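Below you'll find the structure, written out as structure tokens, and then a few comments.
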Amino acid sequence: MTQNKRILVTGGSGFLGSHLCERLINEGHDVLCVDNYFTGRKENIRHLLGHPCFEVLRHDVTFPLYVEVDEIYNLACPASPIHYQHDPVQTTKTSVHGAINMLGLAKRIKAKIMQASTSEVYGDPSVHPQTEDYWGNVNPIGPRACYDEGKRCAETLFFDYHRQHRLRIKVARIFNTYGPRMAEGDGRVVSNFIVQALRGQDITVYGEGSQTRSFCYVDELWRASSGSWPPRTSSPGP
Ligand SMILES: NC(=O)c1ccc[n+]([C@@H]2O[C@H](COP(=O)([O-])OP(=O)(O)OC[C@H]3O[C@@H](n4cnc5c(N)ncnc54)[C@H](O)[C@@H]3O)[C@@H](O)[C@H]2O)c1
């Protein structure tokens, strides 16, 4: 039997966060979902409201947060280009200030912390498939930089908190993940394909159709989330 823990999930009312909250509750943990509802929806967590192990707090992670928990999953950040390019300065702040605030909290309360990073840290990669020792090829001044560089800086902060303060960290570079509760109109490839198929429309394939993507079903992403941690993680080196 797993030990009951108090777990903070930032971005908990988003697509991935709501599945994580659900899974952690089912495993017997107490979950505090923190979200500013920029892209998250109350609908995503409605079925969890009223559960004795579930609490929700409207909060923006760019501001400090003082709570007592055993573990933190830091997912707060808009993930689709339409949303993260809407207010790029806020996107960078969410990744960087959000990481600083959550790492500071983890340090103070000696909690383990996981960062939802992204395959976008590889930018426009020249290596396929990407391995964790490949450092990427990111344009630091383009319209996607607010997301890519924000996530890269968050990774730097996570590893420096580990080296400098011995914080227990995990960084998961998530690739395209799909499943129920994906937002219909956020322009991601799987939701685009499904919506166009359901409407009987032509399916849009950009360019010459020779691109490759790695896809992951949401249950697979969080399969190993409790006790151990999610798959596809970078553990800090010595
Ligand atoms: N879904 C994917 O394929 C994928 C791939 C790579 C990385 N990720 C990462 O996983 C995390 C979750 O992605 P998702 O697909 O569930 O996206 P999502 O947009 O559905 O969820 C993000 C959540 O963060 C919240 N949020 C945004 N800014 C915030 C802030 N300043 N303070 C508090 N909450 C804030 C949003 O309201 C939303 O609920 C993100 O960090 C994203 O970068 C997702």
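So here's what we get for this one:
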quantity: Qualifying residue in the range 49-58 (condition: in contact with a Phe, Trp or Tyr (Cβ under 8 Å, 6 or more places away or on another chain), in contact (Cβ under 8 Å) with a residue 60 or more places away in the chain and within 25 Å of V96 (Cβ to Cβ)); calculated: no
quantity: Top-ranked residue in the range 32-53 [being touching a strand residue (DSSP E or B) at 6+ places or on another chain (Cβ under 8 Å) and within 12 Å of the ligand (Cβ to nearest atom); ranked as farthest from G104 (Cα to Cα)]; calculated: I45
quantity: Checking V56 against (1) buried (at least 22 other Cβ atoms within 10 Å of the Cβ); (2) within 13 Å of the ligand (Cβ to nearest atom); (3) assigned to a strand (DSSP E or B), the condition it does not meet; calculated: (1)
quantity: Matching residues in the range 67-92 - criterion: being near the ligand (Cβ under 10 Å from one of its atoms), within 24 Å of W135 (Cβ to Cβ) and either assigned to a helix (DSSP H, G or I) or touching a Lys or Arg at 6+ places or on another chain (Cβ under 6 Å) (or both); calculated: Y84, T91
quantity: Checking A106 against (1) within 25 Å of L167 (Cβ to Cβ); (2) within 13 Å of the ligand (Cβ to nearest atom), the condition it does not meet; calculated: (2)
quantity: Criterion violated by V121 - all others in (1) more than 8 Å from the ligand (Cβ to nearest atom); (2) in a helix (DSSP H, G or I); (3) in contact (Cβ under 8 Å) with a residue 60 or more places away in the chain satisfied; calculated: (3)
quantity: Long-range neighbours under 8 Å by Cβ, at least six apart or interchain, first residue under 13 Å from A154 (Cβ atoms) and at pLDDT 95 or above within the range 79-97, second of a type in the set (V, I, T) and within 8 Å of the ligand (Cβ to nearest atom); calculated: K93/T62; T94/V61; T94/T62; H97/V61; H97/T62
quantity: Filter pass, V61 being assigned to a loop (DSSP other than H, G, I, E, B) and within 14 Å of the ligand (Cβ to nearest atom); calculated: yes
quantity: Residue pairs meeting the criteria (Cβ under 6 Å; at least 6 apart or on separate chains; first over 19 Å from G123 (Cα atoms), in the range 152-167; second at pLDDT 95 or above and surrounded by fewer than 19 Cβ atoms within 10 Å (Cβ to Cβ)); calculated: H165/K107; L167/K107
quantity: Matching residues, the range 30-53, being surrounded by 19 or more Cβ atoms within 10 Å (Cβ to Cβ) and not in a loop (DSSP other than H, G, I, E, B); calculated: V31, L32, C33, V34, D35, N44, I45, L48
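The values are calculated or read from the model by the stated rules, or taken from the named source; none is laboratory data. The structure presented is a predicted model; accordingly, all values stated were derived computationally and were not measured. Here the Cβ is made from the backbone with ideal geometry for all residues, glycine too, and neighbour counts use every protein chain on show.
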